[in-house]
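S.K.: One structure is given below, represented as structure tokens, and several questions about it will come after.
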Amino acid sequence: MNVTLAVTDTQRAEVQQLFTQTFDDIAPNAVPRTAHDAIYRPIVAQVRDGDDLLGAALTCRPQRAAGLAMASQLGHAVGDLDAVSELDLMAVSPDARRRGVGTDLIRYLERSLRHRGTKVWFGNATADLEVRGLREFYGRHGFTVLQDGEPLPPFFGREWTTPGTEQPAFFFYKRLKPVRR
């Protein structure tokens, strides 16, 4: 299996379709179009077997950082806000599960984020997912997995969750070591 980037809008539409098939409540524009890459700084990773999309993952600026980038129209680095990335979505097609696709996606994204200079990577799992299995998966991959209902700690003196949003089943995070050059 080979992990590659979804760099075209066509590839990203396929990733969006996989997410839509996997999750009940997904926004129709959850995967940013390439025209918005400067705002969201996404990494959209995909695993394919020929033409078949086996799995995909999206990590990007947290919503607060993307909002600041839009408001300031910077579209580039926004200080400490770019030291953090949020694993927004990850899905593996049912027939490809338990074959290492999720592990390959996590390793690829982590390597990419470390090269980018990201220092903290976080995400969450919602209660409608297979919470127990996800808790074990992220723990196996070196993430600190918080207890149910425990809030995400501040990183770089900032809160990263948006007030008023529904609380997930749990948060997870990982401090990334810089790439040695």
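The values are calculated or read from the model by the stated rules, or taken from the named source; none is laboratory data. From a predicted model like this one, the values you see are computed outputs, not experimental measurements. For the accessible areas, the whole protein counts, side chains as well, though only heavy atoms, and no ligand, DNA or RNA atoms are used. Shrake-Rupley method; radii C 1.70, N 1.55, O 1.52, S 1.80 Å.
S.K.: Compare Glu166, Glu136, Glu110 by solvent-accessible area with a 1.4 Å probe and give them largest first, with all protein chains kept in place.
M.R.: Glu166, Glu136, Glu110
S.K.: While we're on this one: Under the Karplus relation 6.51 cos²θ - 1.76 cosθ + 1.60, θ = phi - 60°, what is the ordered set of whole-Hz ³J(HN,Hα) values for the range 148-156, x standing for Gly and Pro?
M.R.: So the J values, rounded to whole Hz, are 3, x, 6, x, 5, x, x, 10, 6.
S.K.: Provide Tyr173, Tyr40 ordered by accessible surface of protein heavy atoms (probe 1.4 Å), highest first.
M.R.: Order by accessible area, largest first: Tyr40, Tyr173.
S.K.: Mind jotting down the distance between the C-alpha centroids of the range 28-46 and the range 144-181, whole Å?
M.R.: With the range 144-181 and the range 28-46 each reduced to a Cα centre, they are spaced 21 Å.
S.K.: Follow-up. Under the Karplus relation 6.51 cos²θ - 1.76 cosθ + 1.60, θ = phi - 60°, what is the ordered set of whole-Hz ³J(HN,Hα) values for the range 6-19, x standing for Gly and Pro?
M.R.: Coupling constants for the range 6-19: 8, 9, 10, 5, 5, 5, 5, 5, 5, 4, 4, 5, 4, 5 Hz.
S.K.: Here's something else I'd like to know. Using θ = phi - 60° and the Karplus curve 6.51 cos²θ - 1.76 cosθ + 1.60, what whole-Hz ³J(HN,Hα) does each residue of the range 20-32 get, with Gly and Pro shown as x?
M.R.: The phi angles translate into 4, 6, 8, 10, 6, 10, 9, 5, x, 10, 4, 8, x Hz.
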